[in-house]
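To start, the structure under review is shown below, and the notes come after it.
The values are calculated or read from the model by the stated rules, or taken from the named source; none is laboratory data. Quantities reported herein were computed from a predicted structural model and do not represent experimental measurements. Here Cβ is always computed from backbone atoms with ideal geometry, including for glycine, and neighbour counts include all displayed protein chains.
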Amino acid sequence: MIKKIIILIGFIGIGLISANKFMAKTEIKVGDKLPAFTLKDQHGKDFTATDYVGKKALVIYFYPKDDTPGCTKEACAFRDEFEVFTDLNALVIGISSDDVASHKKFAEKYKLPFTLLADTKKEVRKLFGVPKFMGAIAGRVTYIFNKKGEVIYIFNSMRKAVKHIEEAKKILESQKE
(Lines give C-alpha, C1' and ligand atoms only; values in the text may rest on other atoms or scores of the structure.)
Protein backbone atom coordinates (compact mmCIF):
# COMPACT_ATOMS: atom_id res chain seq x y z
CA MET A 1 0.00 0.00 0.00
CA ILE A 2 2.77 2.45 0.92
CA LYS A 3 4.54 1.67 -2.36
CA LYS A 4 1.36 2.57 -4.30
CA ILE A 5 1.05 5.85 -2.42
CA ILE A 6 4.69 6.72 -3.14
CA ILE A 7 4.21 5.94 -6.83
CA LEU A 8 1.02 8.03 -6.90
CA ILE A 9 2.81 10.97 -5.23
CA GLY A 10 5.60 10.63 -7.81
CA PHE A 11 3.12 10.84 -10.69
CA ILE A 12 1.43 13.86 -9.13
CA GLY A 13 4.82 15.55 -8.67
CA ILE A 14 5.78 14.88 -12.30
CA GLY A 15 2.42 16.29 -13.40
CA LEU A 16 2.93 19.45 -11.36
CA ILE A 17 6.44 19.94 -12.72
CA SER A 18 5.15 19.49 -16.26
CA ALA A 19 2.33 21.95 -15.62
CA ASN A 20 4.78 24.51 -14.24
CA LYS A 21 6.99 24.15 -17.31
CA PHE A 22 3.98 24.70 -19.57
CA MET A 23 2.85 27.74 -17.60
CA ALA A 24 6.33 29.25 -17.66
CA LYS A 25 6.35 29.08 -21.47
CA THR A 26 3.18 31.17 -21.67
CA GLU A 27 4.22 33.79 -19.13
CA ILE A 28 5.16 37.20 -20.49
CA LYS A 29 8.60 38.38 -19.39
CA VAL A 30 10.61 41.59 -19.55
CA GLY A 31 11.74 42.12 -23.14
CA ASP A 32 8.71 40.36 -24.67
CA LYS A 33 6.43 42.15 -27.15
CA LEU A 34 2.89 43.18 -26.34
CA PRO A 35 0.60 40.32 -27.36
CA ALA A 36 -2.18 41.19 -29.79
CA PHE A 37 -5.61 41.17 -28.17
CA THR A 38 -8.95 42.93 -28.43
CA LEU A 39 -11.44 43.23 -25.57
CA LYS A 40 -14.55 45.31 -24.86
CA ASP A 41 -14.06 48.40 -22.69
CA GLN A 42 -16.51 49.74 -20.08
CA HIS A 43 -18.47 51.45 -22.88
CA GLY A 44 -18.84 48.25 -24.91
CA LYS A 45 -16.34 49.39 -27.56
CA ASP A 46 -13.53 47.22 -28.91
CA PHE A 47 -10.10 48.09 -27.57
CA THR A 48 -7.10 46.67 -29.46
CA ALA A 49 -3.91 47.06 -27.44
CA THR A 50 -1.52 46.92 -30.39
CA ASP A 51 -3.18 50.05 -31.85
CA TYR A 52 -1.15 52.05 -29.31
CA VAL A 53 2.29 50.59 -30.06
CA GLY A 54 4.52 53.38 -31.31
CA LYS A 55 2.20 55.99 -29.80
CA LYS A 56 2.16 55.55 -26.03
CA ALA A 57 3.63 53.55 -23.20
CA LEU A 58 1.07 51.16 -21.70
CA VAL A 59 0.42 50.35 -18.06
CA ILE A 60 -1.70 47.21 -18.15
CA TYR A 61 -2.80 46.03 -14.76
CA PHE A 62 -4.72 42.86 -14.04
CA TYR A 63 -6.87 42.83 -10.92
CA PRO A 64 -9.24 40.26 -9.40
CA LYS A 65 -12.67 41.95 -9.20
CA ASP A 66 -14.49 45.27 -9.52
CA ASP A 67 -15.62 47.07 -6.38
CA THR A 68 -13.72 44.92 -3.86
CA PRO A 69 -11.55 46.63 -1.22
CA GLY A 70 -8.06 46.02 -2.69
CA CYS A 71 -9.16 46.51 -6.29
CA THR A 72 -10.99 49.73 -5.47
CA LYS A 73 -7.96 51.04 -3.60
CA GLU A 74 -5.74 50.23 -6.59
CA ALA A 75 -8.13 51.73 -9.17
CA CYS A 76 -8.58 54.91 -7.15
CA ALA A 77 -4.80 55.25 -6.76
CA PHE A 78 -4.43 55.00 -10.55
CA ARG A 79 -7.23 57.58 -10.84
CA ASP A 80 -5.52 59.95 -8.40
CA GLU A 81 -2.25 59.72 -10.37
CA PHE A 82 -3.88 59.70 -13.80
CA GLU A 83 -2.49 63.12 -14.75
CA VAL A 84 1.04 61.94 -13.95
CA PHE A 85 0.60 58.96 -16.27
CA THR A 86 -0.86 61.22 -18.96
CA ASP A 87 2.14 63.55 -18.62
CA LEU A 88 4.40 60.50 -19.02
CA ASN A 89 2.56 59.69 -22.29
CA ALA A 90 1.25 56.44 -20.81
CA LEU A 91 -2.14 54.84 -21.17
CA VAL A 92 -3.53 53.08 -18.06
CA ILE A 93 -5.60 49.95 -18.72
CA GLY A 94 -7.24 47.79 -16.07
CA ILE A 95 -8.28 44.22 -16.91
CA SER A 96 -10.43 41.79 -14.94
CA SER A 97 -12.90 39.05 -15.75
CA ASP A 98 -15.86 41.28 -14.84
CA ASP A 99 -18.25 42.10 -17.67
CA VAL A 100 -18.78 45.42 -19.45
CA ALA A 101 -21.75 46.40 -17.25
CA SER A 102 -19.75 45.80 -14.06
CA HIS A 103 -16.83 47.84 -15.40
CA LYS A 104 -19.15 50.69 -16.41
CA LYS A 105 -20.71 50.78 -12.93
CA PHE A 106 -17.28 50.56 -11.23
CA ALA A 107 -15.80 53.33 -13.41
CA GLU A 108 -18.79 55.62 -12.85
CA LYS A 109 -18.96 54.99 -9.10
CA TYR A 110 -15.30 55.91 -8.56
CA LYS A 111 -14.92 58.35 -11.49
CA LEU A 112 -12.18 56.27 -13.10
CA PRO A 113 -10.80 58.15 -16.13
CA PHE A 114 -8.97 55.21 -17.69
CA THR A 115 -9.92 52.16 -19.72
CA LEU A 116 -11.27 49.02 -18.06
CA LEU A 117 -11.37 45.89 -20.21
CA ALA A 118 -13.69 42.92 -19.80
CA ASP A 119 -11.78 39.64 -20.06
CA THR A 120 -14.81 37.51 -19.23
CA LYS A 121 -13.30 34.33 -20.69
CA LYS A 122 -9.94 35.01 -18.98
CA GLU A 123 -8.19 34.56 -22.34
CA VAL A 124 -5.98 37.64 -22.06
CA ARG A 125 -5.11 36.79 -18.46
CA LYS A 126 -3.94 33.39 -19.75
CA LEU A 127 -2.16 35.00 -22.71
CA PHE A 128 -0.11 37.09 -20.28
CA GLY A 129 0.37 34.17 -17.89
CA VAL A 130 -0.98 36.06 -14.89
CA PRO A 131 -0.60 33.69 -11.93
CA LYS A 132 -3.38 32.98 -9.49
CA PHE A 133 -2.98 33.98 -5.86
CA MET A 134 -2.89 30.91 -3.60
CA GLY A 135 -3.90 28.86 -6.64
CA ALA A 136 -7.48 30.13 -6.64
CA ILE A 137 -7.86 33.91 -6.77
CA ALA A 138 -7.18 35.88 -9.96
CA GLY A 139 -3.79 37.58 -9.52
CA ARG A 140 -2.87 41.26 -9.35
CA VAL A 141 -0.03 42.00 -11.80
CA THR A 142 1.03 45.20 -13.57
CA TYR A 143 2.92 45.16 -16.88
CA ILE A 144 4.69 48.26 -18.17
CA PHE A 145 5.24 48.44 -21.94
CA ASN A 146 7.38 51.10 -23.60
CA LYS A 147 6.24 52.90 -26.77
CA LYS A 148 7.83 50.15 -28.86
CA GLY A 149 5.47 47.65 -27.23
CA GLU A 150 8.18 45.87 -25.20
CA VAL A 151 7.71 44.80 -21.59
CA ILE A 152 10.08 46.89 -19.50
CA TYR A 153 8.81 45.97 -16.03
CA ILE A 154 6.45 43.57 -14.26
CA PHE A 155 5.17 44.01 -10.72
CA ASN A 156 3.29 41.16 -9.04
CA SER A 157 1.78 41.74 -5.60
CA MET A 158 -1.66 40.82 -4.38
CA ARG A 159 -1.36 42.52 -1.01
CA LYS A 160 0.33 45.78 -2.05
CA ALA A 161 -2.33 47.16 -4.38
CA VAL A 162 -1.21 50.80 -4.23
CA LYS A 163 2.46 49.87 -4.74
CA HIS A 164 1.54 48.97 -8.35
CA ILE A 165 1.00 52.67 -9.04
CA GLU A 166 4.24 53.73 -7.32
CA GLU A 167 6.24 51.14 -9.27
CA ALA A 168 4.65 52.08 -12.60
CA LYS A 169 5.38 55.80 -12.09
CA LYS A 170 8.97 55.12 -11.02
CA ILE A 171 9.68 52.98 -14.10
CA LEU A 172 8.02 55.37 -16.56
CA GLU A 173 9.83 58.37 -15.06
CA SER A 174 13.14 56.53 -15.47
CA GLN A 175 12.30 56.01 -19.18
CA LYS A 176 11.65 59.68 -19.95
CA GLU A 177 13.14 60.72 -23.26
Discussion item. If a residue must be over 17 Å from Gln42 (Cα atoms) and of a type in the set (Lys, Arg), how many such residues does region 67-84 contain?
Written reply: 1
Response to the item:
Subset of region 87-119, residues at pLDDT 95 or above and hydroxyl-bearing (Ser, Thr, Tyr), comes to Ser102, Tyr110, Thr115
Item to complete: Mind listing whichever residues of region 50-67 are closer than 19 Å to Ile171 by Cβ and assigned to a helix (DSSP H, G or I)?
Response: Tyr52
Worksheet item: Taking helices (runs of 4 or more DSSP H) that fall entirely within region 68-117, which contain at least 2 residues that are in contact (Cβ under 8 Å) with a residue 60 or more places away in the chain and surrounded by fewer than 19 Cβ atoms within 10 Å (Cβ to Cβ)?
Response: 69-80, 100-110
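Name the residue that is modelled with the lowest pLDDT, counting only residues in region 7-62 that are among the hydroxyl-bearing types (Ser, Thr, Tyr) and under 29 Å from Glu166 (Cα atoms). Explain how you work it out, then say what you get.
Pass one, region 7-62, residues among the hydroxyl-bearing types (Ser, Thr, Tyr): 18, 26, 38, 48, 50, 52, 61.
Retained after the next criterion (residues that are under 29 Å from Glu166 (Cα atoms)): 26, 38, 48, 50, 52, 61.
On the way: Thr26: 67, Thr38: 96, Thr48: 96, Thr50: 92, Tyr52: 93, Tyr61: 92.
Out of the qualifying residues, it is Thr26.
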